[in-house]
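Working notes, structure below.
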Amino acid sequence: MEEPSKFEQYVYKNASVYHYMKISLVLENGNKYITDAQFKQLIICGLKDLYGEVGASFPFDLLKFDQNKLTGILRVYNSGLVKLWSALTLLGTYQNEACAFRVMQVSPFLLALSGNSRELQFGDQLTL
Amino acid sequence: MHVLEIWYDSSRGNEGKELLCAFLKKLTNRSNLSLFCDLSRYLLCEVCVPDRSSLQLLEDRSIYNTLRAAVKRAHGDYGSALFNIGVIVKYLNAHTGVVLIRSRKKHYRLIWSALSFITCLENRGQMVQCFLNCLHVGGTIRTCQKFLVKYNRQQLHRMLPDCKTDAEKQEVRKAILSCSLSNVRDEEADEDGSDDDDDDDKET
């Protein structure tokens, strides 16, 4: 007789100190040449407009940046997530041109950003 | 303290609450009635300037405008919106430089943090270099008044060794003994803030 297999369940609340956001910048007149420093500066300007000097000084990091598609992964502390997200939402212009930030994924774990079920492409072998 | 619990229909918005408050104030003839949701914090601050004479014609409007600019710079649009809703300069004493600022309970820390960024006040076209020092945070004007009486008494005690002649010492001692809150009850009805009648700040 086999022994019933044991398992343990761990439940974490607030397991991660950071939150990771996958965002993309959409410009009205097509893509421009934007470096990663300019991208981060744009987000800081948005934070500064909405939350002032105190908000603009909140630390966040741009972990990855794709210059062709203008997408990036941001990392921010849990307490600053709401501020960062609201500042991204309300950011409207880049160098006098209309723009918008689309937030594609938000997760407390970086690994979760590697796969996105919305962008899943099914091949021919959907069913085995 | 009497606590009255009233249940009213808030589906129409905030007008019901304000009407109720106005009705109760009229009914009980008390102007310092406050609903439990109207919590506020009073920041008692002192304006410190290098020379006293530049404080003479200070107005509460200039403090209000300077504070609004400082909150806008430090906390952006969010801070400006919070400032517009709840902040008002309740009392200002130009002789001693005491300011009483009222703000909502939820956001008083935001306003407090912006105080440190004020470097100069604009007073009738002139810029006065100063800084605002927060002395006390109270829930009502009365607690701030009580603190102010104690604080002024301590300041007068500190001034006593600096007095040069005996006549001055006598005056300062008399001022210390006359510090009291006795005249406050009459003034509470119009909620004008204290008149600093307990402060005989005699400077040479």
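The values are calculated or read from the model by the stated rules, or taken from the named source; none is laboratory data. A quick note: this is a predicted structure, and the numbers were derived from the prediction, not measured. Virtual Cβ from ideal backbone geometry, glycine too; neighbours counted across all protein chains shown.
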Expected single match for more than 14 Å from chain B (Cβ to nearest Cβ) and surrounded by 12 or more Cβ atoms within 10 Å (Cβ to Cβ) among A:Gly80, A:Gly92, A:Gly72 is A:Gly72
Checklist entry - Are any of the residues in segment A:39-55 away from every other protein chain (no Cβ under 14 Å), in contact (Cβ under 8 Å) with a residue 12 or more places away in the chain and of a type in the set (Asp, Glu)? => result no
Note on segment A:50-68: residues in a strand (DSSP E or B) and among the aromatic types (Phe, Trp, Tyr) are A:Phe60, A:Phe65
Picked from segment B:88-114 (must be under 13 Å from the mean Cα position of the chain (by Cα) and of a type in the set (D, E, K, R)), the residue nearest to the other protein chains (Cβ to nearest Cβ) is B:Arg102
Selection from segment B:49-76 of residues out of contact with any strand residue (DSSP E or B) (no Cβ under 8 Å at 6 or more places or on another chain), of a type in the set (A, V, I, L, M) and more than 11 Å from chain A (Cβ to nearest Cβ) yields B:Ala69
Listed by range, strands (runs of 3 or more DSSP E) wholly within segment B:43-144 having at least 3 residues that are in contact with a Leu (Cβ under 8 Å, 6 or more places away or on another chain) and surrounded by fewer than 18 Cβ atoms within 10 Å (Cβ to Cβ) are B:131-138
Within segment A:69-122, residues at pLDDT 90 or above, part of a helix (DSSP H, G or I) and closer than 19 Å to A:Ala15 by Cβ come out as A:Asn78, A:Ser79, A:Gly80, A:Leu81, A:Val82
